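Derivation of every value follows stated rules applied to the coordinates shown; laboratory data play no part. Everything numeric in this text was worked out from a predicted model, so none of it was measured. Here the Cβ positions follow ideal geometry from the backbone for every residue, glycine too, while neighbour counts run over all protein chains shown.
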């Protein structure tokens, strides 16, 4: 019986060693931004947990108005079914804070820096933010919406930043 127990433990250890492990630093998510009705903006966003409990956000977008800033936010609902992006609801705000600049501690978790388009209407953003996670819990962004807006975010107007119409929408998915 003792040798059977030792064998069972050895088998479990080998199985666990061979199983893929994913630490919090290796968690990833993606979002494929699709144009809302009547718009041409589209792109791809990736999210990656990094040390210190932060998340790196990398976005490539095109079909934007050239040489402009466009508000960019994580929204409450991962629902792009309405055609205008309104089904994604308001900004993701699990901590009950006012809308604000991404560098401020007093902001929605979903308040991200604006996208700045070049003369060809393309934008790239690579930023690390706090207040959101890719792990289960109240600050998790998995299953939330991602929106590119038509106008710049003024980081003041409550609760939206006066960023205007929703040009593109996506659902943030693990993996």
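If you count, for each residue, the other Cβ atoms within 10 Å and average over each peptide, how do 158-165, 75-82, 46-53, 146-153 line up from highest to lowest? Mind dumping the intermediate values first?
Numbers: 158-165: 16.4, 75-82: 18.0, 46-53: 14.9, 146-153: 23.8.
Top to bottom by mean Cβ count within 10 Å: 146-153, 75-82, 158-165, 46-53.
Mind sorting out which of (i) 23, 18, 16; (ii) 38, 17, 14; (iii) 33, 19, 16 is the real semi-axes √(5λ) of the Cα gyration tensor in Å computed from the coordinates?
Computed from the coordinates, semi-axes √(5λ) of the Cα gyration tensor in Å corresponds to (ii).
Under the rule of -39500 (n - 2.57) per DSSP H run of 4 or more residues, summed and divided by the residues of the chain, what mean residue ellipticity at 222 nm is obtained, to the nearest 500 deg cm²/dmol?
Numbers: 1 runs with 17 residues, N = 175.
After summing the helix terms and dividing by the residues of the chain, the value is -3500 deg cm²/dmol.
Ranking request for peptides 34-44, 94-104: highest mean number of other beta-carbon atoms within 10 Å first, then the rest in descending order. Intermediate values should be presented prior to the final figure.
Details: 34-44: 16.7, 94-104: 15.0.
Ranked from most to least packed, the peptides come out as 34-44, 94-104.
Ranked from highest to lowest mean number of other Cβ atoms within 10 Å per residue, what is the order of the peptides 107-113, 128-134? The partial results should precede the final answer.
Numbers: 107-113: 23.9, 128-134: 18.7.
Highest-to-lowest ranking by the protection proxy: 107-113, 128-134.
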